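The values are calculated or read from the model by the stated rules, or taken from the named source; none is laboratory data. Nothing here was measured: the structure is a model prediction, and the numbers come from that model. Here Cβ is always computed from backbone atoms with ideal geometry, including for glycine, and neighbour counts include all displayed protein chains. Ligands, DNA and RNA are excluded from the accessible area calculation, which covers all protein heavy atoms including side chains. Shrake-Rupley method; radii C 1.70, N 1.55, O 1.52, S 1.80 Å.
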Amino acid sequence: MIKKTFGEMLTVNALPYQFLLPVEHTAVIMIDMQRDFILPGGFGETLGNDVSQLTSAVKVAHSLLYWCRRKGIRVIHTKEAHAPDLSDCPPAKRNRGKPKLRIGDAGSMGRILIDGEEGSDFVPELSPLPGELVIVKPGKGAFYATKLDQFLKDNKITHLLFGGVTTEVCVQTTMREANDRGYECMLVEDATASYFPAFKEATLAMIRAQGGIVGWTAPLALIMSAKSLI
Ligand code: TIU
């Protein structure tokens, strides 16, 4: 009877304490696993970053997506990318800093951070499957100027798992806003990465401090070995 009402509930030994995961009401949001951030020649490298820092998260993110698909957990992918005419790119974003190439300039994987270009596409290991939602976002957060919140509400999603890059920029911005919007959020520790390992560790600590002020964190192995309550 309970099972019919609530469906399967997993208990994850997360930090700062146990995370209850209602399988039917959970989605995983994989943030910006694009060539522009992960491979040489893209946006991340033009900003002066060592993109090799992100490679270890790709394999774990792949395992996370396949575990979610097997469980029937809905998979959502986001990509940070702009329209070819840059109409959705604020000048403040394009003009910031002294990158080698700016957003919209021609690079070795096409125009930097432009939707439809090779660099804006996902790394092959993390390509969406047919039917999975892809949110194209002009900002760091996945709620700003997108239909993400409406989609989650339409599908009765209350709990979110997060992976992707980079931990302290697009992942953290999205997770903080999801938390404000009332979603129960857990970041999968080894399915996310930063160009700055210390920033990743600080972000994980910030999220779970103060009794889980932004949410929970757990490595993928603890999620995959979670016991079912019912
Ligand atoms: N630069 C950096 O760390 N990240 C971004 O610009 N976007 C995302 O995090 N996706």
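Summary of values
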| quantity | calculated |
| --- | --- |
| Subset of the stretch 27-37 (residues that are open to solvent by 10 Å² or more (accessible area, probe 1.4 Å) and more than 10 Å from the ligand (Cβ to nearest atom)) | Arg35 |
| Any chance Ala83 is surrounded by fewer than 14 Cβ atoms within 10 Å (Cβ to Cβ), more than 20 Å from the chain's Cα centre (by Cα) and aliphatic (A, V, I, L, M) | no |
| Residue list for the stretch 147-171, restricted to those being open to solvent by less than 30 Å² (accessible area, probe 1.4 Å), of a type in the set (Val, Ile, Thr) and within 12 Å of the ligand (Cβ to nearest atom) | Val165, Thr166, Thr167, Val171 |
| Residue in the stretch 39-50 that is open to solvent by 20 Å² or more (accessible area, probe 1.4 Å) and within 24 Å of Ala221 (Cα to Cα) present | no |
| Qualifying residue in the stretch 172-192 (condition: within 16 Å of the ligand (Cβ to nearest atom), at pLDDT 95 or above, out of contact with any Phe, Trp or Tyr (no Cβ under 6 Å at 6 or more places or on another chain) and open to solvent by 50 Å² or more (accessible area, probe 1.4 Å)) | yes |
| Selected residue [more than 14 Å from the ligand (Cβ to nearest atom) and more than 14 Å from the chain's Cα centre (by Cα)] from Pro138, Pro124 | Pro124 |
| Among the residues listed as Leu113, Leu65, the single one being open to solvent by less than 60 Å² (accessible area, probe 1.4 Å) and within 16 Å of the ligand (Cβ to nearest atom) | Leu113 |
| Verdict on Glu80 being without any contact (Cβ under 8 Å) to a residue 60 or more places away in the chain, within 21 Å of Lys200 (Cβ to Cβ) and touching a helix residue (DSSP H, G or I) at 6+ places or on another chain (Cβ under 8 Å) | no |
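Listed here are the residues, each with its yes/no results for (1) more than 16 Å from the ligand (Cβ to nearest atom); (2) in contact (Cβ under 8 Å) with a residue 12 or more places away in the chain.
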{"position": "His25", "(1), (2)": "yes, yes"}
{"position": "Thr46", "(1), (2)": "no, yes"}
{"position": "Gln53", "(1), (2)": "no, yes"}
{"position": "Lys59", "(1), (2)": "yes, yes"}
{"position": "Arg70", "(1), (2)": "yes, no"}
{"position": "Arg74", "(1), (2)": "yes, yes"}
